[in-house]
Amino acid sequence: MSTQNPVFIPGPTNIPERLRHAMNVPTMDHRAPNFVKVLEPLLADLKKIFKTKSGTVITFPSSGTGGWEAALTNTLSPGDKVLVSRFGMFSQRWIEMCERLGLEVDVIECAWGDGAPAAEYGKRLAADTYHKIKAVLVTHNETATGVTSDIAAVRKEMDAAEHPALLYVDAVSSLGSMDFRMDEWGVDLAVSGSQKGFMLATGMAILGVSPKAFIAAETAECPRCFFDIRDMAGANAKGNFPYTPPLPLLMGLRESVNMLLEEGLDQVFARHHRLAEGVRRAVDAWGLRLCANKPEWYSDSVSAIYVPDGFDSNELVNHAFEAYGVSFGVGLGKVAGKAFRIGHLGMLTDTLVLSGLATIEMAMKDLGYPITLGSGVAAAQEYYRHDKHIALKKAS
Ligand SMILES: *Cc1c(COP(=O)(O)O)cnc(C)c1O
């Protein structure tokens, strides 16, 4: 099977050549002065990606899941009440982590395919007159269902209720692909990882931490050690790490941030919207349906697509890999077997996305899906052809 084909999974995403080179570094002494020269400007530039001036960006050797844990354990105490909505596999896993950490979890149950219900958050916060709720958790982009939620709307509800809880946002599959405004939205803990919008290998959690979150860290009693943000922020302020840093990933992150800022964040977001819209046109042309229940929730980084009744999405994903050497995302949790996912985030271009659409069409046709070969590709082609006002900057 060719390993040259791009992947269409929503993470880990394709690693651009430029980043593979950047990660290929000889050993550097992380206690030597030249490490300071790498770390300080990197952490400063990462703030531009989070759109924060007052916050601090912290990285941990870990996957995104470790970022969740760092956010929770640094700022909360066992028994603290957490308000969170569940609408997919990732929001679900974050809830399970809260439970395992001994937090008291108030879950707003939503249909899979819906986004975070801001008004319901507001209602529960307003009812919490004694401010027992310490944390409000929202998954910005639910990667299992391809749903993007309105974080600003949740913040508005928190403010309207004059509630002092901290706002925690899972931005793992949105940061660097979709607009994210840590300061403007009043996010206290923003969690991301290296292998989605940053286009790197897995292995780093990347967090945005507000000044209010650092204050909470002073009294929070959940045990943490490796993930202590005070140790990390303290060492980072002196240009080093409390333990050996994952140097190749940090060098990759340096180059990834360069790429994002060179293209321009607005351009990056517009490209993702454009790629996603082409995929959505294809889905429509196939006569299939997205998991996302309303256009306002359509994700620009991943589309989850229901297969027709009587078909098994796992079989489709397996077949696409076996027959054509191309990976698509399987359905997770409640939509396992019922939906497959096309990840369209990271280094992709119109041309690469068209190749993915063409491939999944072949796989569907092979398995007897009632679709016309080329129909989805043509719909995306028409869109990409006519939507030329966005000049694509080539990823080099
Ligand atoms: C990928 C992802 C995570 C983190 O997963 P890891 O495998 O631990 O990196 C968390 N939340 C969302 C929404 C994700 O897409």
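The values are calculated or read from the model by the stated rules, or taken from the named source; none is laboratory data. Remember, it's a predicted structure, so these values are computed and weren't measured experimentally. For neighbour counting, all protein chains shown are included, and Cβ atoms are generated from backbone atoms with ideal geometry for every residue, glycine included. Keep in mind that these areas ignore ligands, DNA and RNA; they rest on the heavy atoms of the full protein, side chains included. Shrake-Rupley method; radii C 1.70, N 1.55, O 1.52, S 1.80 Å.
Only one residue of Asn74, Tyr369, Leu250 has its Cα farthest out toward the positive end of the dipole of the chain, where Lys and Arg carry +1 and Asp and Glu -1 on Cβ, and that residue is Leu250.
Note on exposure: Arg341, Arg281, Arg20 ranked by accessible area (1.4 Å probe, complete protein assembly) read Arg20, Arg281, Arg341, with the most exposed listed first. Between the Cα long axis of helix 118-127 and the first principal axis of the chain there is an angle of about 30°, rounded to the nearest 10.
Counting chymotrypsin sites (Phe, Trp or Tyr not before Pro) as exposed when in a DSSP loop with at most 13 other beta carbons within 10 Å, what is the longest stretch of the chain free of them? Provide the component values of the computation, followed by the final result.
Numbers: sites that count: Tyr130, Tyr243.
Longest gap between qualifying sites, sites excluded: 244-396.
If you sort the three axes of the alpha carbon gyration tensor as a ≥ b ≥ c, you get a/c of 1.5 or more for the range 300-348 and a/b no higher than b/c, which makes it oblate. Placing +1 on the Cβ of every Lys and Arg and -1 on the Cβ of every Asp and Glu, with no other charges, gives the chain a dipole of roughly 680 debye about its Cα centre. Rounded to the nearest 20 debye, the dipole magnitude of the range 194-313 is 100 debye, with +1 charges on Lys and Arg beta carbons, -1 on Asp and Glu beta carbons, and the Cα centre as origin. Could you sort out which of Lys132/Lys212; Lys123/Lys196; Lys47/Lys132; Lys48/Lys134; Lys134/Lys156 sit more than 24 Å apart by Cα distance in this structure? Correct reply: Lys123/Lys196; Lys47/Lys132; Lys48/Lys134. Counting heavy atoms of the protein chains alone, Thr219 has an accessible area of about 100 Å² for a 1.4 Å probe.
Can you compute the helix-only [θ] at 222 nm over the chain? Use -39500 (n - 2.57) per DSSP H run of at least 4 residues, normalise by all residues, nearest 500 deg cm²/dmol.
On the way: 13 runs with 167 residues, N = 396.
Using -39500 (n - 2.57) per qualifying helix, the result is -13500 deg cm²/dmol.
What separates the Cα centres of the range 82-120 and the range 158-222 is a distance of 16 Å.
With Cα atoms as the point set, the radius of gyration and Dmax of the range 57-190 evaluate to 13.5, 39 Å.
Helix 151-160 and the long axis of the chain differ in direction by around 40°, with both axes built from C-alpha atoms.
Kindly provide log₁₀ I(q)/I(0) values, in the same order as q = 0.11 Å⁻¹, from the Debye equation applied to equal alpha-carbon scatterers of the range 181-320. The Cα Debye sum returns log10 ratios of -0.65. The angle separating the long axis of helix 64-75 from the principal Cα axis of greatest extent in the chain is about 30 degrees.
Among Gly146, Gly331, Gly239, the largest mean-square fluctuation in a Gaussian network model of the chain (Cα springs under 10 Å) belongs to Gly239.
The rule of thumb for compact globular proteins, 2.2 N^0.38 Å, goes into the C-alpha radius of gyration of the range 5-87 1.47 times.
Dividing the Cα radius of gyration of the range 264-395 by 2.2 N^0.38 Å, with N the residue count, gives 1.01. Within the same chain, aspartates and glutamates fewer than 8 places from Lys294 are excluded, and of the rest, those with a Cα less than 16 Å from its Cα are Asp114, Glu142, Asp150, Glu277, Asp284. Using only alpha-carbon positions in the chain, the gyration tensor eigenvalues give semi-axes of 34, 27, 18 Å once each is multiplied by 5 and square-rooted (largest first). Heavy-atom surface analysis with a 1.4 Å probe gives the range 264-395 a carbon and sulfur content of 53 percent of its accessible area. Normalised by the number of residues in the range 264-395, the average gap of Cα pairs under 8 Å and 6 or more apart makes the relative contact order 31 percent.
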